Structure formats: structure tokens, C-alpha cells
Amino acid sequence: MTPAPFPLFRARRLRRSPALRALVRESSLSPADLIWPIFLTAGEDGEPVASMPGVHRRSIAGAVEAAREARGLGIPALCLFPYTAMAERTADCAAAWSPENLPNRAIREIKDAVPEIAVMTDIALDPYNIDGHDGFLRGGSVANDETVEALVRMALAQAEAGADILGPSDMMDGRIGAIRRALEAEGHRDVTILSYAAKYASAFYGPFRDAVGASAALRGDKATYQMDPANGDEALRMVARDLSEGADMVMVKPGMPYLDICRRVKEAFGVPTFAYQVSGEYAMLRAAAAHGWLDGERTMLESLIAFRRAGCDGVLTYFAPEAARLLSG
């Protein structure tokens, strides 16, 4: 519909006051739209992540406190990522599916203390792999099918520990179907899969790799199994594949550089769609705000509403507790 000509139509009439702007606002953002990623450590609570100012690694007790904080702020879910030192990484990645690994112990403690918080996990071998890759490196290439078998074991261990949402982030072919079949066979029919369906081989992941201890381990890059940043149609094919294999929700990663993909996914499939505002996005905004080049609070909230405007149902963001406090006044 074409608006009436000026001056019958003045767009500024609806921008005149905060009350009028609120009445016609198209997108909304609340703490309920946020998932808070946290990093776990077997060491002391509060280890800082140098490349992510304001983010620190948490002990299991610290993760439980984060869950209590999230509950108080109205944040519905945490996502757990373990830090693993190089000396603790192995070629067989056996710790990834140990019932007593750091994430599985944290899941049990969080669900026992704060059962109403949903706990999301990460399914990929990179936190445990001596090579730093999401799968087993064989002859210079990641072995897809062998890796999928390991990811299934990892998923089952997390489901047994009480995880609410499994997040396969590895981008191996066929892993969603294999995980879903195993969950059904083992009686974990209600466990949700939030698939990293469109995960790009991005340069924005650097600080995250510092946070989980993978930077020094990684040999080569992940371009043979993560997506080419130049591709959009491929993202729709990957989402369609994962949904057909049993994913309940899908994710686009990274976030802001791929808002066009978020919009296309939501319009094409109409399923719960999430984005991950990744470590590099967080670090850039934090650094610019620290130098006084940007208003930190305003740019943080503006970046988050962009995901909602693009069609996302929610966003994983390290800003979650800070944003929730501001949104709650």
C-alpha cells in the first residue's frame, strides 16, 4: 500500500514521543529471548577470558550461581562450554562422552539446584581434541562417519546427565539423524535438538577458541566441514536436511554478519530459529565501547533487536545477563 502524499502522511507523527514509538514498534526484545553461553573450568571460578572482556570461566559451583542469576533475570536457558587445557586433550577424545566430564557434572548440579532453567549443551569434539577440530583428523581431513559415531555417544551422555537441549555444532553430515535415532532408542524422546544447521567457517570465532583452550590446538582450518561465508542457498539446504533428520530448532552462526540468512531461514521454514552472537561480535562491541567509540549499552541492545527484526525467536549472547538487567529496568 502506498502512503498518502505529504503532508497528509507525515511519518514523524508516530515517532514524536516514547509512548507513540512503543505503540507501533514492530519487534520486541525481552530476557525470555536470550540464551546465556557460559564457559566451565575445573580450575578456580572467575578465570578471565582475555579476548572477551567481562567474560570469565566458571567452576561448577559458579555455573550453578549463574543459573540462579539467570532465573532471577528471566533468562530461560544456559549453554555450557568446557575449557580444556592442552595437557588434558587426547586423540581419541574419550572425555567427550564421559559421564563425569565437566559439562555432564555441571548439568546434574544445575538441574538439581535450579530445575526450571533449561540447560543446553555443545556437541562437538573440539574442546577435547588434541587437534582442535570438531571431529577426528585422519590424514589431514576430518573423518565424517567416525566422528558421527563419537557425537552420538556424546549426545547420549549429555541426555543421561539431564540436558534439556542438545546443540550439535560440528557440521558433520548425517549427525542429526544419528543422534535423534539414538535418543529415541535409549528412551530420551523428549530431549530437544537445537541444530547448528547453518554454521559458517568464520573468522569471528577467535575469542571463543581462547575461551575453551582450542586456539593453540587447532591445526589448519575448518573450511572442509563448516560453510563458505559466500553461500546463502546452501544454508537453506542444510536447514532442510537437519529438520528432515529430526532437529526441533535450528541456528545460524555467526549472527549479525548473517542476518540475511536468519531472515531467509525463518521465511522458508517457519520453525524456531536462533542465532549465535559469537565471541568476535561480542569482543568488537566491548572493545569499541571500552575506547569510548560506541555507547556500549545502546549498541548492545540495538544489536540484539536486530536478530528479532530478522525473524529470530531467540539469540545466544554473552551479553545476556547485562541485557536482561537493562530490559528489566
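Within this structure, ALA87 fails the test of being over 22 Å from PHE319 (Cβ atoms), surrounded by 14 or more Cβ atoms within 10 Å (Cβ to Cβ) and over 18 Å from the mean Cα position of the chain (by Cα). Here LYS199 fulfils each of the conditions (1) over 15 Å from VAL265 (Cα atoms); (2) touching a residue at least 40 places away in the same chain (Cβ under 8 Å); (3) in contact with a strand residue (DSSP E or B) (Cβ under 7 Å, 6 or more places away or on another chain) apart from (1).
Applying the condition of being touching a helix residue (DSSP H, G or I) at 6+ places or on another chain (Cβ under 9 Å) and among the aromatic types (Phe, Trp, Tyr) to the stretch 252-279 and asking which residue is surrounded by the fewest Cβ atoms within 10 Å (Cβ to Cβ) yields PHE269. Of the listed requirements (1) at pLDDT 90 or above; (2) crowded, with 16+ Cβ neighbours inside 10 Å; (3) aliphatic (A, V, I, L, M); (4) out of contact with any Asp or Glu (no Cβ under 9 Å at 6 or more places or on another chain), MET227 misses just one: (4). One residue alone among ALA4, ALA19 is in a loop (DSSP other than H, G, I, E, B), over 30 Å from ALA96 (Cβ atoms) and either in contact with a Cys (Cβ under 7 Å, 6 or more places away or on another chain) or of a type in the set (Gly, Ala, Ser) (or both), and that residue is ALA4.
The helices (runs of 4 or more DSSP H) found entirely in the stretch 238-311 that carry 3 or more residues being among the hydrophobic types (A, V, I, L, M, F, W, C), in contact with a Phe, Trp or Tyr (Cβ under 9 Å, 6 or more places away or on another chain) and in contact (Cβ under 8 Å) with a residue 40 or more places away in the chain are 259-269, 296-309. Consider the stretch 291-322 and keep the residues that are among the basic types (Lys, Arg) and surrounded by fewer than 17 Cβ atoms within 10 Å (Cβ to Cβ). The one that is nearest to the chain's Cα centre (by Cα) is ARG309.
The values are calculated or read from the model by the stated rules, or taken from the named source; none is laboratory data. Since we're looking at a predicted model, the values are computed, not measured. Note: ideal-geometry Cβ built from the backbone for every residue, glycine included; neighbour counts use all protein chains shown.
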